[in-house]
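One structure below.
The values are calculated or read from the model by the stated rules, or taken from the named source; none is laboratory data. For clarity, every value in this text was computed on a predicted model and none was experimentally measured. Cβ coordinates were reconstructed from backbone atoms using ideal geometry, including for glycine residues, and neighbour counts include every protein chain displayed.
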Amino acid sequence: MTVVLTLTPDLATLYAAAFPDEDLVPLLQGLSGQPGTLSLIEGSPPVAHVLFTLGQINGAKVALLGPAAVHPDRQGQGLGSRLIRQGIAHLGETGVAMVLVLGDPAYYGRFGFLPETGAEPPCPIPEDWRPAWQSLVLTQPHRGRLSLPAPWLSQDLWR
């Protein structure tokens, strides 16, 4: 298990393949080497990757899940799901109160994520994306604005 994200050319290639219409590499570059990330990788070169970033809500330790990528040739094999479950289990062991995600409710719902109304993302999201803002409570829910490292504060990531 890698704790701190290290952006490698292979990891950048994975994200380009998984998200050909979305450039997540600048976000990954900004978070690379920063403490407070949990980076889980499957394979060498990587075929799946999941990132959790530690944050706070009113002083409580929480985490944001994402981005997550699985190479198109390996999707549907449970690789991403396994990494997400491993990450959630690890975060629970380290005292994280809740995990938040902005993503497909049908996908993240199978991990127990539910629509979130009390915790606000660090930047406004479009109203039609509200159902995609979800949380998984590990110990207790928290209300307030999610505080994250600076690379997450680009409004483009939340639109």
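Each row is one residue, and each column tells you yes or no for (1) of a type in the set (A, V, I, L, M, F, W, C); (2) farther than 26 Å from residue 21 by Cβ.
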position	(1), (2)
65	yes, no
95	no, yes
103	no, no
120	no, yes
127	no, no
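If only residues of region 10-46 that are in a loop (DSSP other than H, G, I, E, B) and hydrophobic (A, V, I, L, M, F, W, C) are counted, the one that is farthest from residue 96 (Cα to Cα) is 19.
Residue 11 meets the conditions (1) loosely packed, with under 14 Cβ neighbours inside 10 Å; (2) touching a strand residue (DSSP E or B) at 6+ places or on another chain (Cβ under 7 Å); (3) at pLDDT 95 or above in every case but one. The failed one is (1).
Tally up the residues in region 133-159 that are in a helix (DSSP H, G or I) and touching a helix residue (DSSP H, G or I) at 6+ places or on another chain (Cβ under 9 Å), please.
As a first pass, look at region 133-159 and keep what is in a helix (DSSP H, G or I): 150-153, 155-158.
Retained after the next criterion (residues that are touching a helix residue (DSSP H, G or I) at 6+ places or on another chain (Cβ under 9 Å)): 150-152, 157-158.
Residues in region 133-159 being in a helix (DSSP H, G or I) and touching a helix residue (DSSP H, G or I) at 6+ places or on another chain (Cβ under 9 Å): 5 in total.
Residues considered: 34, 29. Of these, the only one that is over 19 Å from residue 86 (Cα atoms), among the polar types (S, T, N, Q) and modelled with pLDDT of 95 or more is 29.
Look through 137, 101, 47, 62 and report the one residue that is of a type in the set (A, V, I, L, M), closer than 25 Å to residue 34 by Cβ, at pLDDT 95 or above and over 12 Å from the mean Cα position of the chain (by Cα). Spell out how you get there, then give the answer.
Details: 137 fails: closer than 25 Å to residue 34 by Cβ; 101 fails: over 12 Å from the mean Cα position of the chain (by Cα); 62 fails: over 12 Å from the mean Cα position of the chain (by Cα).
Only one candidate qualifies: 47.
Restricting attention to region 118-132 and to residues that are out of contact with any Ser or Thr (no Cβ under 8 Å at 6 or more places or on another chain) and assigned to a loop (DSSP other than H, G, I, E, B), the residue that is surrounded by the fewest Cβ atoms within 10 Å (Cβ to Cβ) turns out to be 126. If you filter region 94-117 down to residues that are in a loop (DSSP other than H, G, I, E, B) and β-branched (Val, Ile, Thr), you find that the one that is farthest from residue 145 (Cα to Cα) is 94. So, residue 91, is that one farther than 27 Å from residue 17 by Cα and free of Cβ contacts under 8 Å to residues at least 60 places away in the same chain or not? Criteria met by residue 91.
Would you point out the residue of region 112-131, among those that are of a type in the set (Gly, Ala, Ser) and within 16 Å of the chain's Cα centre (by Cα), that is farthest from residue 63 (Cα to Cα)? Filtering first and then ranking leaves 112. Is it true that some residue in region 65-87 is of a type in the set (Ser, Thr, Tyr) and either loosely packed, with under 13 Cβ neighbours inside 10 Å or more than 20 Å from residue 116 (Cα to Cα) (or both)? Yes, there is a match, as at least one residue in region 65-87 is of a type in the set (Ser, Thr, Tyr) and either loosely packed, with under 13 Cβ neighbours inside 10 Å or more than 20 Å from residue 116 (Cα to Cα) (or both).
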